[in-house]
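Visitor: I have a structure here, written as structure tokens, and I will follow up with some questions on it.
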Amino acid sequence: MTDHRRSGRDATSARKGEHIRICLQEEVGGVGVRTGFEKYRFRHNALPELNLDSIRLDTGAFGRSLKAPLLVSSMTGGTDAAGAINRRLAVAAEERGWAIGLGSMRAAIENEELAATFRIRKEAPTVPIIANLGAVQLNYGFGAEACRRAVDLSEADALVLHLNSMQELFQPEGNTDFSGLLARIEIICRDLHVPVGIKEVGWGIDGATALRLKEAGVSFVDAAGAGGTSWSQVEKFRTPDPIMREAAEAFADWGIPTADSVAQLRGALPDGLIIASGGLFNGVEAAKAIALGADLAGFGRALLPQAAGGDRDWSVESLIAQFSRIEFELKAAMFGIGAGNLDELRRTDRLIRSESQQAFT
């Protein structure tokens, strides 16, 4: 097999641009795997005994208030186009009161000139911002100082370290030494001044792994499960190696579906902060995620087309409308089962598995 791996700060920036283009133009969803939310449905409550206007979506995370339990998932940064996308998302997140995660900030650590593409605090002064680095970079020279720089340059409230072993495996310039990472993650959790979390990038996290992460000091976990974007599919469009392209197809259905991952995480971490992301497209799926145990529901590629729009004012306006629609769907689902707030949604007994023979009476 030909080795086409390359390195360097310019390559990191170029790769981010390629990722945006591929996610917008190619079919990069998993094949033969779904999020798992389709296995669940809410048992309708014909008499909700609620005023729709009284339903509360507000919550808190990372020491800040949110108008809704929703998150812009980590997506991009490191290029001019990515910086524009991040700023548009930040404006919409601030307007609607969502948390926002940044894409991998490795490019900014390697090249300070790219730091501006991650600076969104001006556009989002009141909502939580989550900085982001690849956990595997802890085996390639990054340490607590790099993590602090990522947090400081983005004025973030938390740091998430992403686990993307299968993406790195298929990436032409991927870093595949994942040995000993848990001990390095523990050091970062101990040394950083903000909460440190872990997220996958589209293949999910199981309960046993979550317990190990908790013991290492991790403050929150983002499922980022299967059923949405498959990064082996994304990298398939980048690799010049025909063997790697063909091999990627064998992993198109790899991973733990998002709904299954969330349920496992809540079982393993009854008091932990859990984020559900990975293939979410509407507020009903967000409601299911929260009923399964998530504290926040994250949206990624679903937002990208609007965020990447050429006309900034139009794309921000469209993003705000999309955010509003997702919030309305979440609130409507809560109205449909008689849940007046998020605590009641989490405690509901009206989320049932579709394939069961459980009666609806």
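Just so it is clear, none of the values below were taken in a lab; they were calculated from the coordinates. As the structure is a computational prediction, the values presented were derived from the model and not from experiment. FYI the Cβ positions are ideal-geometry reconstructions off the backbone, even for glycines, and counts take in every protein chain you see.
Visitor: Apply the Kirkwood formula to segment 53-153: the hydrodynamic radius equals the inverse of the mean of 1/r over all pairs of different alpha-carbon atoms; give it in Å with one decimal.
Guide: 14.1 Å
Visitor: Place a +1 charge on the Cβ of each Lys and Arg in the chain and a -1 charge on the Cβ of each Asp and Glu, then give the dipole magnitude about the Cα centre in debye, rounded to the nearest 20.
Guide: For the chain, the charge dipole is close to 360 debye.
Visitor: Same structure, new question: Which of the trypsin sites (Lys or Arg not before Pro) across segment 98-136 are loop residues per DSSP, with 11 or fewer other Cβ within 10 Å?
Guide: Here the trypsin sites (Lys or Arg not before Pro) that fit, given the DSSP loop and packing criteria, are 122.
Visitor: Further question on the same structure: Over segment 1-149, what relative contact order in percent results from Cα pairs under 8 Å that are six or more residues apart?
Guide: Relative contact order, segment 1-149: 22 percent.
Visitor: Peptides 265-272, 111-118: what's the order by average Cβ count within 10 Å, highest mean first?
Guide: 111-118, 265-272
Visitor: Please report the spacing between the Cα centers of segment 48-63 and segment 164-183 in Å, no decimals.
Guide: 40 Å
Visitor: Find the relative contact order for the chain and round it to a whole percent, using C-alpha pairs within less than 8 Å whose residues are 6+ positions apart.
Guide: Relative CO of the chain lands at 23 percent.
Visitor: Semi-axes of the equivalent ellipsoid for the chain, please: Cα gyration tensor eigenvalues, times 5, square-rooted, ordered largest first, whole Å.
Guide: 31, 23, 20
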